């Protein structure tokens, strides 16, 4: 999850709480990051921040896929 700490639509405390609960119930990796100064729709317009978040999500997704692919053959 990527959440702006300046979000006025979904308060940062709510996002933190949700992420904490998700970590405890998910069987998959959960990552929560706060973006300093970011609003709710920080990703609405193309920007350096947007590019950085997208790149990080792609790297994380590739890592998750690679670890799952490696563990599928194991029992």
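Being surrounded by 10 or more Cβ atoms within 10 Å (Cβ to Cβ), part of a helix (DSSP H, G or I) and in contact (Cβ under 8 Å) with a residue 12 or more places away in the chain, is that true of even one residue in segment 29-44? No, segment 29-44 has no match at all. Does residue 69 satisfy the condition of being free of Cβ contacts under 8 Å to residues at least 60 places away in the same chain, farther than 20 Å from residue 23 by Cα and in contact with a helix residue (DSSP H, G or I) (Cβ under 7 Å, 6 or more places away or on another chain)? Answer is no for this residue. Close contacts from segment 10-25, counting a first residue that is over 14 Å from residue 38 (Cβ atoms) and a second that is modelled with pLDDT under 95 and outside any helix (DSSP H, G or I), with Cβ to Cβ under 6 Å and a gap of 6+ residues or different chains, come to 19/1; 19/32; 22/30; 23/30. Assess whether residue 60 counts as being surrounded by 12 or more Cβ atoms within 10 Å (Cβ to Cβ), at pLDDT 90 or above and part of a helix (DSSP H, G or I). No: the conditions fail for residue 60.
Scanning segment 15-28 for residues that are over 20 Å from residue 65 (Cα atoms) and either surrounded by 12 or more Cβ atoms within 10 Å (Cβ to Cβ) or touching a strand residue (DSSP E or B) at 6+ places or on another chain (Cβ under 8 Å) (or both) gives 15, 16, 18, 19. Just one of the numbered conditions (1) in contact with a helix residue (DSSP H, G or I) (Cβ under 6 Å, 6 or more places away or on another chain); (2) assigned to a loop (DSSP other than H, G, I, E, B); (3) at pLDDT 90 or above is not true of residue 6: (1).
The values are calculated or read from the model by the stated rules, or taken from the named source; none is laboratory data. The model shown is predicted, which means the values in this text are computed figures rather than measured ones. Because the Cβ atoms are built from the backbone with ideal geometry, glycine has one as well, and the counts that use them run over all protein chains shown.
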